[in-house]
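Participant: After the structure tokens below, expect a handful of questions from me.
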Amino acid sequence: MPTKTDTQYQNQDQDATGAISNAEAEGAETEADKTEDEARKFTQEDMDRVIKKRLQAAEAKHQEAVDAAVKKAIADYDRKAKMTEADRAAEASKEREAELSRREQELAVRENRNHAIEELTKRNIPTSLVNYIATADADETEDNIAAFEADWSKALADAIKEAARGTAPRDARSEEDRYGAKGGVKHSGTMVL
């Protein structure tokens, strides 16, 4: 049986020492990881405290909104109480007119939107773009459709032209294949089997 030399023993000692050092380093890393994990964990009391704090903030914000609405309603009531019957009737009339005007505007936009959808469908333009075209004014909506169609057609043509752009196909056959063995005879380009 062969005997080990001193250098072989020294190498084994160094390997063992290195293994112990690596194990110690790994143990230190796991302790640091454990400390980090413990720092990330929350107790039930911590969670309760955070939730309570957020609920109080949301409640305070809601209470501010309620207080502002109450103050506004009281101020409006006081203002109307000081008005004469004719003033109250005039204000109610103005409010009704404003509401009717708003509803007419919404109705006009809805009608023009439906018309724009029909026109876009006829012209093969995606109807998802109707929000950018329809307005309350019918003439303006028609102008928007015409302008958009022109821009859309131009952009589409440019995109098709760009996509179709490329290099012309090249004849990859050798000179001999193209002109025949002697160089003077041309053939049609079909291969003869």
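Participant: Multiply the residue separation of LYS71 and VAL50 by 0.36 nm, subtract the distance between their alpha-carbon atoms, and state the gained length in nm to one decimal.
Facilitator: 4.4 nm
Participant: Please give the per residue volume of the convex hull enclosing the alpha carbon atoms of the range 104-163, rounded to a whole number of Å³.
Facilitator: On the way: hull volume 3.9 nm³, N = 60.
Given the Cα convex hull of the range 104-163, per-residue volume reads 64 Å³.
Participant: Based on the Cβ-Cβ distance of ARG79 and ARG103, what FRET efficiency does E = 1/(1 + (r/R0)^6) give at R0 = 25 Å, to the nearest 0.05?
Facilitator: 0.45
Participant: Pairs of Cα atoms under 8 Å, at least six residues apart: use those to get the relative contact order of the range 104-163, whole percent. Walk me through the numbers before you get to the answer.
Facilitator: Values: 45 pairs, mean separation 20.1, N = 60.
Result for the range 104-163 is 34 percent.
Throughout, read-outs are computed from the coordinates displayed, never taken from laboratory work. Bear in mind that the values here come from a model prediction, so they are computed numbers and not experimental data. Using ideal geometry, Cβ is built from the backbone for each residue, glycine included, and neighbour counts are taken over all protein chains shown.
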